[in-house]
Amino acid sequence: MNDLAIDRLQRVLSCGWTGPAPDSGHATLVGAPAAIWTDCPLSLNVKGTIVWAGPATREVLGWSPEDLAGSHFSVLTSRLGRDFLEAHLALILGGGGVTSLVDVGVKRDGRTFKAAITLEALRTGRGDVTGATVVLRDVTAAHRQRRTRELGRQAGQAVVVADADFTVHHATEAVSRMLGYAPGEALGGTAEQLIHPADHAAVTAMVERLRADPGSTERLVARLRDKQERWRWVEGTVTNRLADPEVRGLVADLRDVTEQVRSRDALRLSGALHQAMVETAEAGIAVVAPDGSTRYANSSLAGLLGLSLEQLYATPTAALLGTAPDGTTTPRRDEVVHAHPDGSDRLLEVTRSPLDLGEDVGSGAVGSGSLLTVVDVTEVRREERALRRRALYDPLTGLPNRYLFLDRLEMAAARQARTEGAGTAVLFLDLDRFKPVNDGHGHHVGDALLQAVAARLAGAVRATDTVARHGGDEFVIICEDIDEAAARSVASRIQAAFDTPIRLGQDHFPVSISVGVALSPPYAIDELVRQADAAMYHAKQQGGGRSAVAHQDGAVVVHPQDAPVPAVAQPPLPREGEPPTS
C-alpha cells in the first residue's frame, strides 16, 4: 500500500458522489444517458477476491459469473492495481462511505473500456465486515457521446443565476446541455418550476437562509426536470450574490450527479436485496469459519434446527450437522439426521460450498470456510417412499403388486443361475366362486375378505417367499430353492390355512382356493406364471379347493385336499330391503 494510492483514495472518499466536481477524467460520466450503461454487481471478500458476480458480467465483460468467482478484482481494471485496491478496501472497511471513481476496465479479450466503479463495505446484521459490494458500469458510450458534443461547443460550467424570487435570468450553455433545453428556453421562468415537488420544501428553506445572510453559500442537492420530462439529480453550491452589483443574483454552480446517485442506490439496493434474500429464504443459511464456528446464520436455520440464534452462534455447526470445513474445493451435498428438540428426527439436506473468508489461520494460510444451505427434506423423502410404495404395492392388501412380483421373479432367476440352487416355483392362486360375495354382500365385504385372505397367505408361507396380488381375487407366490415335493407342501399349508372360515363382523365365510404350481426347472423362469395359471385352471375344473402341478410333458397332476372343503360357502343373502352385513 503506497502513499500515492492512499492519497488518491482519500480524495475519492472525501467527495464520493456528494463532494467537489470530479476531474476531467471523471467528467465523462456526468449526464450519461441511462440507456447506454449496464450494471455489473460484484461481491468481494476482504482480500479483494470476487466471491459472487451478477449475470451481466457475461454480456459486459465477457466473463461468466462462474469464471470470475475466485479471481482478484484487479483482473477487471488496468490502473487500480492490487496496492491501490488494498488501500481502497482498508479505508472502506475502516468506516468509509460509498466510493465512486472512474477507471479503465479490461474485458476478458483484453479490450479496455471506460468503467465507473462504486464500492461499499458489506456487513452482517451484527456489524461485522465480511467484504465489499461493487457495482461496475461500462460508460464508454456515454463518454464518447459527451466528448463528441463538447468538441463543437464552448467549454464552460453549468451555472444558473436567479434573482431574489428565484426567477432565472441567466444560464450557461452547459445548463442547456445538461437539461436538454435550447439556449434561453429556461430563462424567465422560476426555478421552482424545474424542481421536483418532493424537493421544494428543502430548496425553499435553503433560499430563505441565503437571503438572510448576504454572501453565504449553501450546498444544493435536488432533482431538476429536463426537456424530456425526466428527473436529473444535480449537486452543487448556491451563493448569495444579490449585493454584488455585477451579479445581483443567487448563483448556482451545478453538476449532474444522476449516475452517481443511481450507482449509490443500486449499491444499497443490491446490499438490501442480498440481506433480504438471505433473511427471508426458507432454506437455512450459515457461514462457517475454518475452525467450525458459526459466523452467520439466518433465522430459517434456527427454526429448522429448533434452536435460537444465540444457541447457533454458541455451538459449532459441525456438532449440529457434522459438516466441518475440510479444505475441499468443490461443493458437497449430504443428508443428515437431526435430533430435533421436539423429539422427532428430521432429515436435512446439507449443501456445503467452500467459501474463502480471507482470514489468516496461521502459517500464512488463508482459511477456507463453508457456506451451508440446509433444507428439511423429511416430508419430501416420506412422500417419495409413499410414491414408491404406491407404485410397487397393492393399495388394498399391502402385498407386492404385479410389477414388483415380476421384478422379484427376475431376481430369483438371477440367483438360481448364480447359485445353481434346487429350483424356483410359482404358485398361482384363485379364490373359488368369489364373485357371489361381491354381488351378494357388496364390494366393501369383498374387499375385506381379500384383505383377510392376503393376511392368511402371508402367514402360511416361508419367510423367504414372496406373496403378491396378481389382480382381482388372484394371488401369486414365488418360492426359491425348492423342489416339487416342497412346493406341494407349501400349497397344502396354504389350503390348510383356510380350514377355519374367515369372520367378518358377525358373519363367517368359509373359503377354498385353487392352486396351480409350476417349477423351474423344467420350465424357464419366464414361463412359470403362464404354466402355473394353466395348472390352477385344471384344479378349478376338478371342483376347486385343490392344487395341480404342471409337468413339462404337458400333463397336469391334480392333488385334492386331504379333507373336502366347501368352496366359499356363503352366509344367507339379505332379504330385499335389508342392509347387507359386514
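Table for the structure above
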quantity: Strands (runs of 3 or more DSSP E) (entirely within region 471-524) containing at least 2 residues that are surrounded by 20 or more Cβ atoms within 10 Å (Cβ to Cβ); calculated: 474-480, 513-520
quantity: Residue list for region 450-470, restricted to those being aliphatic (A, V, I, L, M) and not in a helix (DSSP H, G or I); calculated: Val461, Ala463, Val467, Ala468
quantity: Residue pairs meeting the criteria (Cβ under 8 Å; at least 6 apart or on separate chains; first acidic (Asp, Glu), in region 371-385; second in a helix (DSSP H, G or I)); calculated: Asp376/Leu304
quantity: Qualifying residue in region 432-446 (condition: basic (Lys, Arg) and touching an Asp or Glu at 6+ places or on another chain (Cβ under 9 Å)); calculated: yes
quantity: Failed criterion for Asp165 (all others in (1) at pLDDT below 80; (2) more than 19 Å from Thr239 (Cβ to Cβ) hold); calculated: (2)
quantity: Flag for Leu392 being modelled with pLDDT under 90 and either touching an Asp or Glu at 6+ places or on another chain (Cβ under 9 Å) or crowded, with 16+ Cβ neighbours inside 10 Å (or both); calculated: yes
quantity: Given (1) at pLDDT 80 or above; (2) within 30 Å of Ala121 (Cα to Cα); (3) hydrophobic (A, V, I, L, M, F, W, C), index of the condition Ala276 fails; calculated: (1)
quantity: Every residue from region 545-554 that is on the phi > 0 side of the Ramachandran plot and buried (at least 21 other Cβ atoms within 10 Å of the Cβ); calculated: Gly545
quantity: Enumerated helices (runs of 4 or more DSSP H) restricted to region 43-116, each holding at least 3 residues that are modelled with pLDDT of 75 or more, open to solvent by less than 30 Å² (accessible area, probe 1.4 Å) and not basic (Lys, Arg); calculated: 56-60
quantity: Selection from region 198-237 of residues that are open to solvent by 80 Å² or more (accessible area, probe 1.4 Å), over 17 Å from Thr258 (Cα atoms) and either among the hydrophobic types (A, V, I, L, M, F, W, C) or out of contact with any strand residue (DSSP E or B) (no Cβ under 8 Å at 6 or more places or on another chain) (or both); calculated: Glu208, Ala212
quantity: Among residues of region 447-458, those that are open to solvent by 40 Å² or more (accessible area, probe 1.4 Å) and over 48 Å from the mean Cα position of the chain (by Cα), counted; calculated: 1
quantity: Cβ-Cβ under 8 Å pairs, at least 6 apart or on other chains, region 157-179 side in contact (Cβ under 8 Å) with a residue 24 or more places away in the chain, far side of a type in the set (Phe, Trp, Tyr); calculated: Val175/Tyr181
quantity: Filtered residues of region 417-446 (kept if assigned to a helix (DSSP H, G or I) and either touching a Pro at 6+ places or on another chain (Cβ under 9 Å) or loosely packed, with under 13 Cβ neighbours inside 10 Å (or both)); calculated: Ala417, Arg418, Thr419, Lys435, Pro436, Asp439, Gly440, His441, His443, His444, Val445
quantity: Selection within region 252-273 - open to solvent by 30 Å² or more (accessible area, probe 1.4 Å), at pLDDT 70 or above and out of contact with any Phe, Trp or Tyr (no Cβ under 9 Å at 6 or more places or on another chain); calculated: Asp253, Arg255
quantity: Selection status of Arg211, charged (D, E, K, R) and either part of a strand (DSSP E or B) or over 12 Å from Ala162 (Cβ atoms) (or both); calculated: no
quantity: Restricting region 369-389 to residues that are modelled with pLDDT of 85 or more and of a type in the set (S, T, N, Q), the residue that is nearest to Pro331 (Cα to Cα); calculated: Thr373
quantity: Test for Gly180: is it at pLDDT below 80, open to solvent by less than 80 Å² (accessible area, probe 1.4 Å) and not acidic (Asp, Glu); calculated: no
quantity: Members of region 160-177 that are open to solvent by 30 Å² or more (accessible area, probe 1.4 Å) and within 54 Å of the chain's Cα centre (by Cα); calculated: Glu173, Arg177
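The values are calculated or read from the model by the stated rules, or taken from the named source; none is laboratory data. Note that the coordinates shown come from a computational prediction; the quantities given were computed from them, not determined experimentally. In this analysis, Cβ positions are derived from the backbone assuming ideal geometry, glycine residues included, and neighbour counts consider all displayed protein chains. We work out accessible area using only protein heavy atoms, side chains counted, and drop any ligands, DNA or RNA first. Shrake-Rupley method; radii C 1.70, N 1.55, O 1.52, S 1.80 Å.
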